[in-house]
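Undergrad: One structure is given below, represented as structure tokens, and several questions about it will come after.
Values quoted throughout were computed directly from the atomic coordinates according to the rules given, and no laboratory measurement underlies them. Just so you know, these numbers come straight off a predicted model, no measurement behind them. Cβ sites come from the backbone with ideal geometry, for glycine too, and all protein chains shown count toward neighbours.
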């Protein structure tokens, strides 16, 4: 085993400290320092693997694979403690998370709304990054830096911590975490360490060497102090000029695309007709007047209102992955708090009903909680979506606050907020004309909006298109339906048409607006819980006001008594009689027999075989640790086989010398320390001495009683004797070397034999 020199331990300490300063930048992404345990564990794992590989004299590849094994064995309690068995043991779920997080975690952390809390494997990012940097840096410090201790080599070692520092910035948010303090400390420690390294390499002797070293260290310290001071002053000077930080999350589009799902407003009549009496939710914690928000739609294509896609979601930031903590909206004046629990009964869709603007969302049932990584939330819209769907049995708790809505007198001088919403397409001319007609001479924005709301409520009539309604009302809110709304003798529709029409009218006047769909159950004072049915569905319009937030407008009329149109009954005129053909016994349709073709088997045959998700997790959880243990052994075994094959080639004397080299390497791989530069006889005596020290003197004889020294002397004669060496003699040398290796391998014990399978040594 190799002992670590004291300077190397100091170098490892500096490397670990700089890595810790770099990884602290992830605080802005995680919103706290809980991730620090995983990051510190990564630094320890990487450093420990580098030290163990050096002490045990393992090859670089074997050391890296040892680091991979430690990564999986140690990471569970620090990264995914909830998935650990007995608090510390890795489980199948944890092992899969450690593997997935190392590959996909960096992409998830960019699309998750800060603070990052889900999916659970996201904490793998700082853990894996710290492990890689510490392992690579430790190998450089212990194996490459001692060969030639120069400032340039020391600077190369700093690349890893610098990358950690940059990753904390790029994967973070617009805010910084002690940026000046960490930057100054990082620069001071790094430059001082390089200066110390430079002073430690001065080649002189006596008092002159000490004085020269002191002068160099003093000069370097002065340079470090000046650089740090200059950097601090420059940072303070530049900060006011360039306040924006470049972070990747501002350049990455969230992966969730609402346009992949149908517009919620397009299915409005399904609730009023088919699900009117169907219980959809059971909600506890509502107060009188509260409404449930389902989706906010701010994009109109001429056919329907929909949630803006990721390419158009500049105004509200779109939907991002969130954990149990929800981000606050940028534009809102929030008032009273709510804590509601929602139990899904007959609802089946991807949108989660919410109340107000959420601050915390906890998935309570096991089935939904296991899919927490599929949860997305839009803070500006106050709406949430579970991309894999919400069905019966889902149960969640929401903490939220309600938007304050001041009266019109308080909004009379408040301008509408300027937001970049998607451009409205195919706006009907009649809608634009009605907007200007209803707005009339109103000057302030709130007066214009109330005038439009009042015009729709007083001039229109409510009809859901049910058989019990006095006048039929066609579903939909495309351009043709809205033209019909304003051109018929009577304006008839329900919340779907009136909210869609008002939002378009407001957009025509130049104000941003969106259509919100949700539920308005009847809540009385003291109700512990309320059952929401399909008939409670509703829709309204929201318009943002500067410094206030989104104010709601409800243009749907309450009047159900639609006047009947008096249409004169057409007068009948006599027609000539025509003899009709005889009546057939069966209708034409009844003569055809319906044949149902069952193509289930064909579909099953055409569908490729797919393993279920649990099978992939089980395979990954078992296969990754098995591969981490067995692949290094296989790689080393193949390398040893190739090494042996190369040594058995060439001239006879070269093959005889190869037998001795193979023997020495086998001893070194078993944990002995043959001298690097010595003759064969000196090497043999040193190995025999180590055998005696370890109590293995009884096995230092090879097969046939040939000592290592005798083998060395025989090989020397073969190489330097100058005589002809036949093939049988060469084979005897290999047989003697293999026997000597086998005898000591059998004696050293099972653990050392196992470690030897992972070690590969080639003598210099």
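Undergrad: Filter the stretch 364-410 for residues that are in a helix (DSSP H, G or I) and touching a residue at least 40 places away in the same chain (Cβ under 8 Å) and give the result.
TA: 372, 373, 408
Undergrad: Next question. I'm trying to understand the selection: among the residues of the stretch 483-501, which are closer than 17 Å to residue 426 by Cβ and buried (at least 24 other Cβ atoms within 10 Å of the Cβ)?
TA: 485, 497, 500, 501
Undergrad: What number of residues within the stretch 411-466 satisfy the criterion of being under 17 Å from residue 505 (Cβ atoms) and outside any loop (DSSP other than H, G, I, E, B)?
TA: Number of matching residues: 28.
Undergrad: Looking only at the stretch 400-423, decide whether some residue is closer than 19 Å to residue 345 by Cα, in contact with a helix residue (DSSP H, G or I) (Cβ under 6 Å, 6 or more places away or on another chain) and surrounded by fewer than 20 Cβ atoms within 10 Å (Cβ to Cβ).
TA: Scanning the stretch 400-423, I find no residue that is closer than 19 Å to residue 345 by Cα, in contact with a helix residue (DSSP H, G or I) (Cβ under 6 Å, 6 or more places away or on another chain) and surrounded by fewer than 20 Cβ atoms within 10 Å (Cβ to Cβ), so the answer is no.
Undergrad: Looking only at the stretch 485-498, decide whether some residue is touching a residue at least 60 places away in the same chain (Cβ under 8 Å) and assigned to a helix (DSSP H, G or I).
TA: Within the stretch 485-498 (the criterion being touching a residue at least 60 places away in the same chain (Cβ under 8 Å) and assigned to a helix (DSSP H, G or I)), the answer is yes, since at least one residue qualifies.
Undergrad: Return a yes/no flag: does the stretch 68-83 have any residue that is out of contact with any helix residue (DSSP H, G or I) (no Cβ under 6 Å at 6 or more places or on another chain), surrounded by fewer than 20 Cβ atoms within 10 Å (Cβ to Cβ) and over 21 Å from residue 130 (Cα atoms).
TA: Looking through the stretch 68-83, at least one residue is out of contact with any helix residue (DSSP H, G or I) (no Cβ under 6 Å at 6 or more places or on another chain), surrounded by fewer than 20 Cβ atoms within 10 Å (Cβ to Cβ) and over 21 Å from residue 130 (Cα atoms).
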